[in-house]
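In what follows, a structure is listed as structure tokens, so that the remarks can point back to it.
Coordinate-derived values only; no laboratory data. Note that the structure is predicted; figures quoted are calculated from it, not measured. All Cβ positions, glycine included, derive from the backbone under ideal geometry; neighbour counts span all protein chains shown.
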Amino acid sequence: MPIIDNFDVVSKQTTDQVIMVRPATFKMNEQTAVNNHYQKSTKDYSQKEIKEKSLLEFDGLVENLRSNGIGVTVIQDTVEHLTPDSLFPNNWLSLHSNGRAVLYPMFAENRRLERNLEVLDQLTAFGFENREVHDLSAWEDSNLFLEGTGSLVLDRVNKIAYAALSDRTAPELVEHFCKNFNYKAITFSALQPVKAKRLPIYHTNVMMCIGSSIAVVCLDCVDDFAERHKLKKSLLDTGKQLIEITESQVNAFAGNMLELRNNTGKAFMVLSTQAFDCLKKDQIKTIKKYAEIIHSPLYLIESLGGGSARCMIAENFLPIINAKG
């Protein structure tokens, strides 16, 4: 595969445009539950109630973002394929300021059905410029996976890709990404307690977030001292103010935040209400030094999907030629 120069033409950490996929068949995905230990089944709701409640949560987050001046392109999923995790598009797609889209190799077979080039056609119709598509999905044939900005937490300004290695984040593909897209890799093992064991956290963006000025991170998830030191040093060396969260806060999705900005350049930190409620006063105070907080209730999506606000948002850095919506 060719080396891609200037992966991000403009070195900016945040965008004011995002993509969200409105689900058609949301439910707990048994194929992802094998290594996403945040997923929890529920008998409290029928499938009809799950659909209704999940759509209320989804639409509420969309409205919350739009009411604060953040541009949200909503793509309606269809029932053509059974894609219970379609509302997490950041895992199969990333969109960059040089007009390039990247498609990623996915661990679960039913998640591979989420990759839909018609999404890019719709973005073009809305006035976004997509010059090239770089498809990494062929790595699935080798059982190697890299699930987008779930696997890679990108410091876009300093060109560093942070990656917690797992079944869904292969070290070979982290290195491939960094070599081809001009990033430096910081890899480590991030673990969580599951019964009597310490098992890998399925996605990096569950335990850390990189903003323009801050980094939210659970260093306690990194058991190896050398890896923990290297991760912390890199964050501090790049000028980030650290907000260290606990493993219990990770379980409440406090690491699954995303910094965005609106059409006036104002910064926002987006997270779920569960995540916000578990934060300490000093952590909230530090975030508010740099960004206003947007939080939405996502309790059912978090429980069944094992992901939260950040997972639901694919950042759109594509150039705008003639935005229509």
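Pull up the DSSP beta bridges for the chain and report the antiparallel fraction as a percent, rounded to 5.
Around 50 percent of the beta bridges assigned by DSSP in the chain are antiparallel ones.
Local charge sum around residue 69 (other residues, Cβ-Cβ under 10 Å, Lys/Arg +1, Asp/Glu -1)?
+2
On alpha carbon coordinates alone, what is the Rg over Rh value for segment 8-145, Rh being the Kirkwood radius?
Rg/Rh: 0.97.
May I ask you to list the lysines whose Cα is less than 20 Å away from that of residue 285, ignoring any residue fewer than eight positions away on the same chain?
240, 266
Within segment 232-270, which residues have the backbone N less than 19 Å from the label spot 7 Å out from residue 199 along Cα→beta-carbon, could you tell me?
It comes to 247-253, nothing else.
Starting from one equal scatterer on each C-alpha and no solvent at all, send me the Debye-based log10 I(q)/I(0) for the chain at q = 0.10, 0.11 Å⁻¹, two decimals.
Debye output, listed in q order: -0.51, -0.63.
In debye to the nearest 20, how big a dipole does the chain give about its Cα centre with +1 on each Lys and Arg Cβ and -1 on each Asp and Glu Cβ?
900
Of 232/289; 43/281; 48/280; 40/281, which pairs sit farther than 26 Å apart, going by alpha carbon to alpha carbon?
43/281; 48/280; 40/281
Using alpha-carbon pairs under 8 Å, 6+ residues apart, how would you state the relative contact order of the chain in percent?
26
Add -39500 (n - 2.57) for each DSSP H run of 4 or more in the chain, then divide by its residues: what number comes out at 222 nm, to the nearest 500 deg cm²/dmol?
The helix contribution divided over the chain gives -7500 deg cm²/dmol.
At what distance in nm do the modelled label points of residue 285 and residue 40 sit from each other, each positioned 7 Å from its Cα along Cα→Cβ?
So the label points at residue 285 and residue 40 sit 3.1 nm apart.
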